[in-house]
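The values are calculated or read from the model by the stated rules, or taken from the named source; none is laboratory data. This is a predicted model, so every value here is computed, not measured. No Cβ is skipped: glycine too gets one built from the backbone with ideal geometry, and neighbour counts run over all protein chains shown. Note: areas computed on protein heavy atoms with side chains; ligands, DNA, RNA excluded. Shrake-Rupley method; radii C 1.70, N 1.55, O 1.52, S 1.80 Å.
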Amino acid sequence: MNSHDLIFSERKKYKVLRHTLFCSAILLYSFLRIGIMYPVDHFRATFVSFFSWTLYWDSMILGFSYITVYVFVPKYLYKKKYISFCVSVLLVYSVVYMINAVQTYYQLNKTFIIVAGVRGHDFFESSNLIRILGNPPLVCGLLLSLKSLKNWYLKKSENEALTRANTNAELQLLKSQIHPHFLFNTLNNIYSYALNNKPEAPGLVKKLKQTVHYMVAECNHAYVPLKNELNMIANYIELEKIRYGNRLSMQVELINPEGNHLIAPLLMIPFVENSFKHGVSQMLDHPRIILKIYVEGNMLHFYLNNSKPPAAENQDMRKGIGLENVRKRLELLYPGKHELLILTTDDTFTVRMDILMTDYLLLESEPDIFSTTQNISYAL
């Protein structure tokens, strides 16, 4: 058994144990408080009397608290039935008050009454009223606070788990969106190279294999090494550019950082693919792409600018493959730690994205997680 299970587990044995500990703590506090308030000789002589009084009085307080927190709060307060809640609490409180009044007035625990110096007709004096009116709300408030904190933590954990599940689902959706279009074009290009017996064909097959393996296998992790992500983007660009030849003007700078940075997978590739599919692939004259990715400290800087057909002919540029997906994933994974700016004009489309990453130490149990790649800088 660990402390987390004791506090948050919904298993019956843990629930019984933590409620037992709470009730015991309340009883112990009252018992010690009485022992401190009254002389030692009186305390020793009337140990049984004090204990029975504590057990009797705190049992009523705990009964009132549990009925309020576990019955009235969910049944009335959470449903905004405020009048019913107040009436129910006051009714139960009045019963507790009257039972204690009768017990004190008729001196049912005479030993305690005598030692405490309380006479039956003194029940309504201020000191006694403070005890009667103060202790039940105090214990009830403590129990409600503990239960509310527990529920808040469980709800927070549930939301985090749901967020992770949504993120994974969106990543799978993104991967499924990228693969068909990318694979169809790339396989056509490789097929054409193979028919013409061009020596580049085996290299293209290898790059395609590496890219698909990365998307299918490595991207199942929540975060991947930035170096691997840049390597995949470089392979992707190499595979895409073969069908454009010299008619595509392309400037690419992928500068690998020295640190072991991790990043959520497939955040940048939708913009790159978007620049090909909705941009240069639809242009006959002077298609152009400029891509720069570099790191300063823990900040990743992504800049992409590509030419595109006129807006009237390309209304879906802002909603290309995975762009909305990327927006959502950034909000989920990097809240307050990213900036995304997308600008479009009649003939250009520009993306600026900055992400604050964390520098993780390489774990000995995962020696191969960071693959080595070279800085890539070229122009076509």
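Among (1) in contact with a strand residue (DSSP E or B) (Cβ under 6 Å, 6 or more places away or on another chain); (2) at pLDDT 85 or above, where does Gly279 come up short?
For Gly279, the exception is condition (2).
Got a number for residues in the stretch 65-121 being open to solvent by 100 Å² or more (accessible area, probe 1.4 Å), assigned to a helix (DSSP H, G or I) and either modelled with pLDDT of 80 or more or under 30 Å from Ser148 (Cβ atoms) (or both)?
Residues meeting the conditions: 6.
Within the stretch 216-248, count every residue that is open to solvent by 50 Å² or more (accessible area, probe 1.4 Å) and of a type in the set (Gly, Ala, Ser).
The total comes to 1.
For the stretch 122-170, how many residues meet the condition of being open to solvent by less than 80 Å² (accessible area, probe 1.4 Å), among the polar types (S, T, N, Q) and at pLDDT below 60?
1
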